[in-house]
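The values are calculated or read from the model by the stated rules, or taken from the named source; none is laboratory data. The structure presented is a predicted model; accordingly, all values stated were derived computationally and were not measured. Here the Cβ is made from the backbone with ideal geometry for all residues, glycine too, and neighbour counts use every protein chain on show. Calculation scope for accessible area: heavy atoms of the full protein, side chains included, ligands and nucleic acids excluded. Shrake-Rupley method; radii C 1.70, N 1.55, O 1.52, S 1.80 Å.
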Amino acid sequence: VPPELARQLSDQIQELIGTEDAQKPLSDEEIARTLARSNVKIARRTVAKYRENLNILPSAKRKYAR
């Protein structure tokens, strides 16, 4: 993945997580589906990789972290 594309994907994932409902955080699968609606084909495990690189907890832990 080119660095610019990786940065854009990271930004999009971070934005989605930043605007999610704190009581019902988005799973990696839901993030992948949301990006797919914007014509960004990305696998759930790739979303997880980018999320981990951004030091963002999984959805189950984000629900309780806030």
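Could you do me a favour and compute the accessible area per residue for the chain, 1.4 Å probe, result in Å²?
71 Å²
In debye, nearest 20: dipole of the range 1-55 around its Cα centre with unit charges on the Cβ of K, R (+) and D, E (-)?
240 debye
Tell me the angle of helix 3-18 to the major Cα principal axis of the chain, expressed in degrees between 0 and 90 and rounded to the nearest ten.
Value to nearest ten degrees: 20.
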